[in-house]
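Q: Sharing a structure below in structure tokens format, with a few things to ask.
The values are calculated or read from the model by the stated rules, or taken from the named source; none is laboratory data. Just so it is clear, the structure is predicted and the values come from calculations on it, not from any experiment. Glycine gets a Cβ as well: all are built from the backbone with ideal geometry, and neighbour counts include every protein chain shown.
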Amino acid sequence: MKVLVNNDLVRREDVRIDFEDRGYQFGDGIYEVVRIYKGIAYELNEHINRFYRSAIEIGITPPQSKNELKGKLEEVIKENKLLDGGIYFQMTRGVAPRKHQYEKGITPNLIAYPLYFTRPEKQQNEGVSVLTADDLRWQRCDIKSLNLLYNIMMKQNAHENGAFETIFIRDEFVTEGTSTNIFMMKDNVIRTHPANNNILNGITRMKILQLLNKEHITYEEKLFTKQELLDADEVFITSTTSEVMPVTKIDGQIIGNGKPGMNTMKIHEFLLEEINTIQIEAL
Ligand SMILES: *Cc1c(COP(=O)(O)O)cnc(C)c1O
């Protein structure tokens with residue numbers, strides 16, 4: 001495997017990370033996961049824009065331009081002959097003596113490497129069960145930060161209990177999953193949490209809203225409670241790796257008729273049709 005380390009593509013075995021990198025010590029950095037279909041990075045511009053936004057929100061100034069970064073990521077895809085999978089990239093604040101505060105002049109560190117996985121078709125066809133938990137995260141969930149401690153605790157808890165994901169509830173309202181956004185449908189209206197500081201505004205989430213517009217399916221970006229979620233006709237979660245994942249059980253309670261919802265499947269189809277038209281875009 002070839003890994004991008006700042007400006008260089010190096011063999012995995014040759015990568016050297018400094019133990020005083022602030023990403024390693026504090027999780028002081030940000031990241032993205034992009035899906036690769038047929039060797040092309042899907043919605044790459046949107047991911048790069050979000051990456052820059054996250055960086056700037058925590059006071060990191062990426063040394064590369066967006067176009068330079070895009071070129072580097074495309075090299076990673078080519079060099080690794082990546083056709084179906086993903087690419088992970090992150091930027092940390094850089095290397096400095098271990099103190100919470102930092103000097104302004106330190107140089108951020110970028111890494112990018114391929115992820116080998118395929119579409120989770122079995123789960124997409126059968127639906128998944130999820131758990132719920134209090135949303136004990138901070139209130140800047142709009143930043144795709146490397147700090148994922150509570151997210152990983154709750155994802156791990158889900159997996160140890162045979163569930164696919166944990167859905168967070170803040171002040172009685174459903175926010176999102178540990179690494180997914182959530183949608184519910186009741187009486188032919190779809191609802192999802194508004195894009196504010198309490199969720200990470202997924203690229204998949206935004207794409208789904210675009211598709212709903214295009215297909216004239218009614219939706220609202222409006223808060224809903226856990227009870228409303230349990231009473232929904234259909235529920236699904238979205239992310240780069242899951243696409244549209246039907247949810248058929250929440251905290252052991254069956255949703256709708258216990259099978260993936262008809263509209264959920266249709267919306268996934270719309271997304272797959274869109275993915276099929278994929279081509280490289282200029283930034
Ligand atoms: C990355 C992420 C998502 C999904 O975003 P996509 O861009 O659709 O992959 C949702 N919630 C959280 C907390 C995330 O980190």
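Q: Among helices (runs of 4 or more DSSP H) lying entirely in segment 1-105, which contain 2 or more residues that are charged (D, E, K, R) and touching a residue at least 24 places away in the same chain (Cβ under 8 Å)? Step through it out loud before you land on a result.
A: Working: elements: 22-26, 44-57, 66-79.
Qualifying helices (runs of 4 or more DSSP H): 44-57, 66-79.
Q: Exactly one of (1) farther than 22 Å from LYS122 by Cβ; (2) touching a Leu at 6+ places or on another chain (Cβ under 6 Å); (3) assigned to a helix (DSSP H, G or I) is unmet by MET184. Its number?
A: With respect to (1) farther than 22 Å from LYS122 by Cβ; (2) touching a Leu at 6+ places or on another chain (Cβ under 6 Å); (3) assigned to a helix (DSSP H, G or I), MET184 is out only on (3).
Q: Ok, one more. Just one of the numbered conditions (1) near the ligand (Cβ under 9 Å from one of its atoms); (2) surrounded by 22 or more Cβ atoms within 10 Å (Cβ to Cβ) is not true of ASN201; which one?
A: The single condition ASN201 does not satisfy is (2).
Q: OK, next. Can you name the condition, by its number, that ARG53 falls short on among (1) under 20 Å from THR241 (Cα atoms); (2) within 16 Å of the ligand (Cβ to nearest atom); (3) surrounded by fewer than 18 Cβ atoms within 10 Å (Cβ to Cβ)?
A: Exception for ARG53: condition (1).
Q: Right, something else. From LYS104, LYS38, grab the single residue that is at pLDDT below 95, more than 16 Å from the ligand (Cβ to nearest atom) and closer than 30 Å to ASN263 by Cβ.
A: LYS38
Q: Name the pairs: first residue in segment 202-229 and under 21 Å from LYS144 (Cα atoms), second residue away from the ligand (no atom under 16 Å from the Cβ) and part of a helix (DSSP H, G or I), Cβ to Cβ under 7 Å, at least 6 apart or on different chains?
A: That search, which allows pairs on different chains as well, returns nothing.
Q: Please go through segment 118-148 and pick out each residue that is touching a residue at least 60 places away in the same chain (Cβ under 8 Å) and within 13 Å of the ligand (Cβ to nearest atom). Walk me through how you get there before you give the answer.
A: From segment 118-148, those touching a residue at least 60 places away in the same chain (Cβ under 8 Å) are 119-120, 123-132, 135, 140, 142-148; that's our starting set.
Selection gives ASP135, ARG140, ASP142, ILE143, LYS144, SER145, LEU146, ASN147, LEU148.
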